[in-house]
Structures are given as C-alpha cells and as structure tokens.
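Enquirer: Have a look at the structure that comes next, please.
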Amino acid sequence: MHRNLFAPGLALALFLAPATHAQPSDRPPAAVPGETTLPQGVALGGAFSLTDQAGRAVADGDLRGRWALLYFGYTSCPDVCPTELQTMAAALDALGPELGARVRPVFVTIDPERDTPERLADYVALFHPQLIGLTGSAAQVAQAARAYRVYYARARPGDGGGDAYLMDHSSFIYLLDPDGGVRALFRPGTTAENLAAALRRRLP
Ligand code: NI
C-alpha cells in the first residue's frame, strides 16, 4: 500500500522553485534514475521532535552536521518498506566504511501505535548498524510527516482484524544535506547502486 504520487503541496513547491536564479555552483548534480533533485532552498522538511530506538529524544537539529537518508514507513509493512531500507543499507555499504560512515540513515515510523522504541530497535538492527529508528506520539509523528509532506493513513483492517492492519503511505527516500535541507527524493525501486552514486557525487 504505497502512494507514489507527490503531495500536491510538494508538486507546487517544485513548480515554484526559482531555477533561473541558481548560480553555477548551486546547480544540482545530474540525477540518477529514480531521483528528483531539489534546488537548494526548496522549503521541504522542518521541525520535529521524536524518540529513537533507545528512548532518546531526537529533534530535526540532531540530524544536522551530516548527510542523511530519511525514510518514512512502518515495521509491519509487508513489502516496500523493507525493500527500501535494504536499498538504503546496501547503498551505504557500497560507499565503503569511510564514506558510508558520513551518511546517517533514518527510518521514521508512520505507525507509532505499534512501533514502539523497543520494536524499532529490533527492526532497524535487521537492516544496518547505523540505522536510526524514530517514533513518537501520534501528534509528533504527524508533525514530522507533515514537514516532509508524507501521506499516510490506516488502510482497511485485514481479515485477521485486531492488530492486523496495513498502513497506506507515500514512499520516498529523502536525501538531506548537513544543514537539514532536502536535496533529493528517490522513488521506490531506485537501486542501491544509483542511490550510492547520488551520494558519492555529493560527498566532498
Ligand atoms: Ni511500507
């Protein structure tokens, strides 16, 4: 259950991006397949306050100082979330230990009701030792999702009923620069090789 469409606001932001004012040095690198490159200064992202898999408070400012890959999903996702997290992990590994250590991979749940810090701790460990898992109250998660224009909603309950429900959600990997600015989005299915290439071009 994944929506690949941009939220209307994001599409608008992309249209309004002042491309003609970009200086040569601001020009984004050529995009790899699956990538939408955003010019510096596009207003996407913003303040959030969440809790990591160890129970520590993590705010948007804590992600600054390094490049980051940010993905919103949920641990009960049967297909796309695990695939995308594997792609992120494989891209970091492809960069090698030195470059890979300079990128912070982050998974934010859009299912805070089930995704407790404990559950996230077990889940992120399946993918990559650097992967940070973030959750929070329903309101905190909603604020983070709103900042990145992530769509999510609970889908119809499965036949099992009770706790067995799916979440419908948009599925992009966001590339954040060390100042927290979103510099690129990667569509589901972007390969680890291409994601690594997009990172390698930007890491000085
Ligand atoms: Ni998913």
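Nothing in this text is a laboratory measurement; each read-out follows from the coordinates by a stated rule. Quick caveat, the model's predicted, so the values are computed rather than measured. Neighbour counts are summed over all protein chains in view; Cβ atoms, including those assigned to glycine, are modelled from backbone coordinates with ideal geometry.
Enquirer: Answer rounded, prolate or oblate for the stretch 119-189, using the Cα gyration tensor with square roots of eigenvalues a ≥ b ≥ c: rounded when a/c is under 1.5, else prolate when a/b is larger than b/c, else oblate.
Expert: Numbers: a/c = 1.82, a/b = 1.46, b/c = 1.25.
Here the stretch 119-189 falls in the prolate category.
Enquirer: Please work out how much length the chain gains when fully extended from Leu166 to Asp93, using 0.36 nm per residue of separation minus the C-alpha to C-alpha distance, in nm with one decimal. Each step should come with its number before you reach the end.
Expert: Values: separation 73, 0.36 × 73 = 26.28 nm, distance 3.00 nm.
Net length gain for the segment: 23.3 nm.
Enquirer: Given a cut-off of under 8 Å on Cα pairs at least six residues apart, what relative contact order in percent is computed for the stretch 94-204? Intermediate results must be reported in sequence, preceding the final value.
Expert: Working: 111 pairs, mean separation 21.9, N = 111.
Once normalised by length, the contact order is 20 percent.
Enquirer: Can you give the % of DSSP beta bridges in the stretch 78-204 that are antiparallel, to the nearest 5? Each step should come with its number before you reach the end.
Expert: On the way: 8 of 11 bridges.
The antiparallel proportion sits near 75 percent.
Enquirer: Also, quick follow-up: Run the dipole for the stretch 113-204 about the Cα centre, Lys and Arg Cβ at +1, Asp and Glu Cβ at -1, nothing else charged, and hand back the magnitude in debye, nearest 20. Write down the numbers at each step before the final one.
Expert: On the way: 11 positive and 10 negative charges, 96 e Å.
It comes to approximately 460 debye.
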